[in-house]
Amino acid sequence: FMKANIIDGKAVAAKIREEIAAKVAELKAKYNRVPGLAVVIVGDRKDSQTYVRMKRKACEEVGIAPFGADLPATATQEEVLEAVRGFNDNPDVHGILVQLPLPKHIDEQAVLGAISVEKDVDGFHPLNIGRLAMKGREPLFAPCTPVGCMELLERCNIPIKGKRAVVVGRSNIVGMPAALLLNKRDATVTICHSATKDMESIVRQADIIIAAAGQAQLVRGSWVKPGAAIIDVGTNPVDDPSKAAGYRLVGDVHFEECKEVAGAITPVPGGVGPMTIAILLRNTLDSGERFITRDVKS
Ligand code: NDP
């Protein structure tokens, strides 16, 4: 009996970061310029501040120049838009991301739509999502977490073309773009959501499962076709008095059960999580390269 291959997202992400650092150094040597990433944060949510700090630190580690706007929770929509527009106009900034969620009084779609499509490294601009959905078109950027899922499949040599893929979840940031990316790579894709009936029989047909429902241990071992590849995006805190923090993180997949059936599976933590920031850095590198080499030509 074959045990599942446990996909080491941390190792893959570290490899990608090394590749990025080398390319940034190359740009620096050749053009004396480096890619720049601006992160806009509004308010003082602890989790958002942690993510933003991690992103800035990750930039520095690969040589990407970090920029930031730190606005108070009371900032007006116009002030947030001003910050975005300032970075749109700044030639040293090649990527802009707005840390979500925004405070309730700010229109998230208006802010995301104000980011220059060419600097939309999160891939949340409607034009980039639209291109992702269109045949024969390519977005400039696709959302980082689902791209990270695809990268794990590819770097683990898991075939995608012609395979059956099931995505559990259809959010704008994970489930839907994951389904669109799988479709672009010629998988046959089914999307499950909260109104899906008999989800387990649908999941059981999948060669590739991407779980992004935000429900702890939703996907059980009995739902999995033997040999299937499972990418678990979920990060759900569950009480655990044995941990100093009082909780631990579990995925949307029942790991212990599913690893006995799957061909390959990502753990939580250490699977998809580390990939998200690595892809954000790569999107920023791609953008910086595009701008910097274009500036040289013109
Ligand atoms: P959302 O809450 O925005 O979306 C959840 C989706 O899952 C919705 O489409 C919802 O359906 C569907 N869903 C919820 N419950 C069920 C259920 N019981 N059966 C089937 N479908 C269900 O979450 P996100 O997409 O933002 O995030 C998903 C998970 O991924 C979370 O655990 C989050 O923490 C994690 N995450 C991890 C990241 C990483 O870097 N590792 C990055 C981003 C997210 P409906 O549309 O009908 O409401």
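The values are calculated or read from the model by the stated rules, or taken from the named source; none is laboratory data. Remember, predicted model here, so these are calculated numbers, not experimental data. Note that we place each Cβ from the backbone using ideal geometry, even for glycine, and neighbour counts take in every protein chain shown.
Observations, loosely collected:
- Evaluated against (1) in a helix (DSSP H, G or I); (2) away from the ligand (no atom under 16 Å from the Cβ); (3) among the hydrophobic types (A, V, I, L, M, F, W, C), Leu153 falls short on exactly one condition, (2).
- In region 177-201, the residues that are among the charged types (D, E, K, R) and more than 19 Å from the chain's Cα centre (by Cα): Asp186, Lys197, Asp198, Glu200
- If you go through region 51-81 and keep only what is more than 17 Å from Pro103 (Cα to Cα) and outside any strand (DSSP E or B), you end up with Arg53, Met54, Lys55, Arg56, Lys57, Ala58, Cys59, Glu60, Glu61, Val62, Gly63, Ile64.
- Residue identified as over 21 Å from Asn90 (Cβ atoms) and assigned to a loop (DSSP other than H, G, I, E, B) among Pro177, Pro146, Pro103: Pro103
- Residue selected from region 250-276 under the condition surrounded by fewer than 16 Cβ atoms within 10 Å (Cβ to Cβ) and without any contact (Cβ under 8 Å) to a residue 40 or more places away in the chain, by the criterion nearest to the ligand (Cβ to nearest atom): Pro269
- If only residues of region 197-229 that are over 19 Å from Ile158 (Cβ atoms) and without any contact (Cβ under 8 Å) to a residue 24 or more places away in the chain are counted, the one that is farthest from the ligand (Cβ to nearest atom) is Ser201.
- Residues that are hydroxyl-bearing (Ser, Thr, Tyr) and more than 6 Å from the ligand (Cβ to nearest atom) within region 179-196 comprise Thr188, Thr190, listed in sequence order.
- Condition check for Arg33: surrounded by fewer than 21 Cβ atoms within 10 Å (Cβ to Cβ), modelled with pLDDT of 95 or more and under 24 Å from Arg290 (Cα atoms): yes
- Among the criteria (1) within 22 Å of the chain's Cα centre (by Cα); (2) more than 10 Å from the ligand (Cβ to nearest atom), the one Gly169 does not fulfil is (2).
- The one condition in (1) touching a residue at least 12 places away in the same chain (Cβ under 8 Å); (2) away from the ligand (no atom under 14 Å from the Cβ); (3) not β-branched (Val, Ile, Thr) that Met176 fails to fulfil: (2)
- Residues that are among the acidic types (Asp, Glu) and part of a helix (DSSP H, G or I) were ranked within region 8-39; the one that is farthest from Ala264 (Cα to Cα) is Glu26.
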